[in-house]
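Q: Please find one structure pasted underneath; my questions will follow.
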Number of protein chains: 2
Amino acid sequence: MAGPAKARRRQAAPVRREQLIRATIDELAKRGYADLTLADVAERAGLSRGIVNFHFDSKRKLLVETLRFMADEYAEFWHQALERAGLAPAERLWALVAADFDAEVCNRRKIAAWCAFWGEAKSRPIYREICGERDLIHSDTLRGLCRELVAEGGYEHDPDRVAEGLDALLEGLWLHLLFQSGTTTRETLYATAVEHLTIVFPEHFTPAGVLRRAGPPQT
Amino acid sequence: MAGPAKARRRQAAPVRREQLIRATIDELAKRGYADLTLADVAERAGLSRGIVNFHFDSKRKLLVETLRFMADEYAEFWHQALERAGLAPAERLWALVAADFDAEVCNRRKIAAWCAFWGEAKSRPIYREICGERDLIHSDTLRGLCRELVAEGGYEHDPDRVAEGLDALLEGLWLHLLFQSGTTTRETLYATAVEHLTIVFPEHFTPAGVLRRAGPPQT
DNA sequence: TCTGCTACTGTACGGTGGTTCAATAAGTTG
DNA sequence: CAACTTATTGAACCACCGTACAGTAGCAGA
């Protein structure tokens, strides 16, 4: 009965799994979550229809693994940015914000896929769990840096509120790339984030970058 | 063949349409976009299975009308808030921000429904069109107010960047209500937005509200 | 009460798409 | 070159759900 027409090169399971995950992200960005079919994913990967169930058992698991992949990738990206940055909190915060607007993570394909998952996250605990845990680390890091800057610069801000605001602003700017895609570029969004930093922490940041010597508040 | 068991009170078409739209929002918040079925919507409304196709022709049109309903409702809400506010730009911006955190619009049910549509918006031009047009008016209003405040207060900010940042921050805070639903309340988010306003426009705002006499910059 | 219109019901149909599985090819080991 | 393992195929199956539609009931006007 079954007569495979074309003979494909076999690949180790992990290779195929990642290939299928990437195809899934592509299709999520193109068709959206609701219209995603396994046939589309398989075709995008250049493989046959049954391939996804072979490697992932079910559509549900494929999507969970895809989200996990994206979350891991993002987490590793900003962790590496932090490692490359200096020790001064101002430099670290600057690096963290800059990382969010790197083309590696801040592009339509990835953000569209993120947004597809967010749209379903409220009704699927497993998605919230995957995002939530890592988001917590990210916002904790932001909060820690904001606290240090506030103490260092003698600002009168509530550091936790500032951190939450910055976090929200970064997410909101990502969304802008999706919706005002015609008029907005990554560079514009980054400039907005930088403007925000210079307003909130004027002792530490200028549009050109981090101030070398952020002295104590002049009193 | 067909034997309707229970006899229901007839209603005028517009009444039933709105009832079905509200049921759709409920189901979007509960199950998400991808798992939404017309049977669920009908059952939630307490009506029979064929009712949606009778009033909306198709699932596609029901969803479009639902999004339009939400967009109209939100637009009217903040327009009314602006009308009730005074003439001073500071008062108007304050009112606009406060409106975003009113329980009428800032609650899990509505935001979950919004987020469901955002997740699909990238792949459906009709959704982008409906949101986009109204978002444009909203962000234009924000931009106008920010320009006035910057001029009035002698700030050195780029008003357009500040407006975009504020817009992003407001959207991002909405999302936080969905994702950190356990730890975050509407009041906390509002406090964060207020903190942001007081930092960006210290000549105009304090945590307590709008400064009555926002004088020119003291030089 | 008759007539007719409009709202509404519920079954049935048909397509779509996830899942299963037997068959088979590609490597791998001995 | 067997014998075996693992990856891959593609067709068949089946459940689900949107849609169509024939039938029915409420209600208004005469």
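Q: For B:Ala75, work out the one condition from (1) closer than 27 Å to A:Pro202 by Cα; (2) surrounded by 15 or more Cβ atoms within 10 Å (Cβ to Cβ) it doesn't fulfil.
A: (1)
Q: Give me the pairs: first residue in region B:154-166 and under 12 Å from A:Thr188 (Cα atoms), second residue open to solvent by 40 Å² or more (accessible area, probe 1.4 Å) and assigned to a loop (DSSP other than H, G, I, E, B), beta-carbon distance under 8 Å, and six or more apart or on different chains, which are they?
A: No pair meets every condition.
Q: Pull out all pairs, ordered by first then second residue, where Cβ-Cβ is under 8 Å, the residues are six or more apart or on different chains, the first lies in region B:8-24 and is within 15 Å of B:Asn53 (Cα to Cα), and the second is among the charged types (D, E, K, R).
A: Correct list of pairs: B:Arg17/B:Glu65; B:Ile21/B:Glu65; B:Ala23/B:Arg44.
Q: Now, a different point. Going residue by residue through region B:42-55, is there one that turns out to be farther than 30 Å from B:Gly144 by Cβ, open to solvent by less than 40 Å² (accessible area, probe 1.4 Å) and within 8 Å of DNA strand D (Cβ to nearest atom)?
A: Yes - at least one qualifying residue is present in region B:42-55.
Q: I'd like the full set of residues that are assigned to a helix (DSSP H, G or I) and in contact (Cβ under 8 Å) with a residue 24 or more places away in the chain, limited to region A:74-92.
A: A:Tyr74, A:Ala75, A:Phe77, A:Trp78, A:Leu82, A:Pro89, A:Ala90, A:Glu91, A:Arg92
Q: In region A:93-207, which helices (runs of 4 or more DSSP H) lie fully inside it and hold 3 or more residues that are closer than 20 Å to A:Leu28 by Cα and more than 7 Å from every other protein chain (Cβ to nearest Cβ)?
A: A:108-121, A:125-153
Q: Just name the residue that is nearest to DNA strand C (Cβ to nearest atom) out of those in region B:35-69 that are within 19 Å of B:Arg9 (Cα to Cα) and β-branched (Val, Ile, Thr).
A: B:Ile51
The values are calculated or read from the model by the stated rules, or taken from the named source; none is laboratory data. Since the model is a prediction, treat every value here as computed from it, not as a measurement. Cβ sites come from the backbone with ideal geometry, for glycine too, and all protein chains shown count toward neighbours. All accessible areas refer to the heavy atoms of the entire protein, side chains included, with ligands and DNA or RNA removed. Shrake-Rupley method; radii C 1.70, N 1.55, O 1.52, S 1.80 Å.
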